[in-house]
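Have a look at the structure below, then the notes.
The values are calculated or read from the model by the stated rules, or taken from the named source; none is laboratory data. Predicted, not measured: the structure shown is a model, and the values here were computed from it. When we count neighbours, we look across all protein chains shown, and the Cβ atoms used for this are built from the backbone with ideal geometry, even at glycine.
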Amino acid sequence: MNIIQVTDYKEMSQKAAEVIIHKVKQGNRMNLGLATGGTPKGLYEAMIEDHQKNGTSYQHVTTFNLDEYIGLKEQDPNSYYYYMADSLFNHIDIPKFQTYLPNGLADDYNHECEHYDRLIKALGGIDLQVLGIGQNGHIGFNEPGTPFQSSTHIVTLEESTREANARYFNTLDDVPTHAITMGISSIMNSKEILLLVSGEEKADAMQKLLHGEISEDFPASVLKRHSHVTIIADQKALSGVLVSL
Ligand code: GLP
């Protein structure tokens, strides 16, 4: 894993935007895997700013999001569908029909999970996947204990994850209990992975990722088995590991 150390959240977001924009500008059709949460917000802002200033076009880009809550309507501001439209898609020139998220309101979830993985495969696989990390090491919504060979599936969210995400909802009770997420193997099939980590609340997770063993108890540890992972982490996230880098 290649680690790029940056000062703060702003620099992390800028660096990540540079990596993505550089690839997008090459102009080849590409599949970009996207994440939600607080971490990639600044990245999306930087992509929008670049699009407005420099006209970088996303007409040839298809996106696949990692996950979606079960049971939230598209127009619910807490759905990841809404988040992506509001934080990125509405502000760049990507055709709407080229932006995919798993459907958290599907009639048949087994079918939806299979369909999502099949779609990614049929369109050529993910070229670059953006990832954040949960405090317990989750990637997407793959909580500790998720088998590494898992494909897209339905998960029961850990209480700690619901609590961490409750800041976006009115009350903890409003946070959904389930989500649909790309599996670990779906993520690992990406040709390249860009993991963004910022803030002291992630310092422990970074420490475990860099120094712990590869274990299903800490989902992000699987990334050590991938041949093309870049981590962009800020000083606070690296505060527990700086000495040994
Ligand atoms: C959320 C998302 C993940 C995200 C993680 C960290 O629950 N499902 O994809 O990476 O938790 O979120 P944040 O960036 O807000 O810390």
Is there any pair with a first residue in region 201-214 that is in contact (Cβ under 8 Å) with a residue 12 or more places away in the chain and a second that is of a type in the set (Phe, Trp, Tyr) and more than 12 Å from the ligand (Cβ to nearest atom) whose Cβ atoms are under 8 Å apart and which are 6 or more apart or on different chains, and what are they?
Lys208/Phe218; Leu209/Phe218
Mind counting the residues in region 134-153 that are closer than 9 Å to Glu216 by Cβ and near the ligand (Cβ under 10 Å from one of its atoms)?
0
Selection count where residues are near the ligand (Cβ under 10 Å from one of its atoms) and among the small types (Gly, Ala, Ser), scope region 163-176
1
Here the residues within region 118-130 that are within 16 Å of the chain's Cα centre (by Cα) and either assigned to a helix (DSSP H, G or I) or not β-branched (Val, Ile, Thr) (or both) are Ile120, Gly125, Asp127, Leu128, Gln129
Expected single match for modelled with pLDDT of 95 or more, over 30 Å from His22 (Cβ atoms) and not basic (Lys, Arg) among Thr177, Thr161 is Thr177
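How many residues, within region 32-75, are of a type in the set (D, E, K, R), surrounded by fewer than 21 Cβ atoms within 10 Å (Cβ to Cβ) and either closer than 27 Å to Ile184 by Cβ or within 15 Å of the ligand (Cβ to nearest atom) (or both)? If you could, list the steps in order and put the result at the bottom.
So in region 32-75, the residues of a type in the set (D, E, K, R) come out as 41, 45, 49-50, 53, 67-68, 73-74.
If we keep only those that are surrounded by fewer than 21 Cβ atoms within 10 Å (Cβ to Cβ) too, we end up with 41, 45, 49-50, 53, 73-74.
Cutting the leftovers down to either closer than 27 Å to Ile184 by Cβ or within 15 Å of the ligand (Cβ to nearest atom) (or both) gives us 41, 45, 74.
Adding up the residues that qualify gives 3.
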Only listed residue being surrounded by 14 or more Cβ atoms within 10 Å (Cβ to Cβ), touching a residue at least 60 places away in the same chain (Cβ under 8 Å), hydroxyl-bearing (Ser, Thr, Tyr) and within 13 Å of the ligand (Cβ to nearest atom), chosen from Ser160, Ser190, Ser198
Ser198
Here is a check on your reading of the model: is Pro95 within 19 Å of Gln59 (Cβ to Cβ) and at pLDDT 95 or above?
yes
Scan Leu105, Leu72, Leu101 and give me the residue that is aliphatic (A, V, I, L, M) and in contact with a helix residue (DSSP H, G or I) (Cβ under 7 Å, 6 or more places away or on another chain).
Leu101
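Listed residues Ile180, Ile126; which is among the hydrophobic types (A, V, I, L, M, F, W, C), in contact with a Cys (Cβ under 9 Å, 6 or more places away or on another chain) and in contact (Cβ under 8 Å) with a residue 40 or more places away in the chain?
Values: Ile126 fails: in contact with a Cys (Cβ under 9 Å, 6 or more places away or on another chain).
Step by step, each of Ile180, Ile126 is checked, and only Ile180 is among the hydrophobic types (A, V, I, L, M, F, W, C), in contact with a Cys (Cβ under 9 Å, 6 or more places away or on another chain) and in contact (Cβ under 8 Å) with a residue 40 or more places away in the chain.
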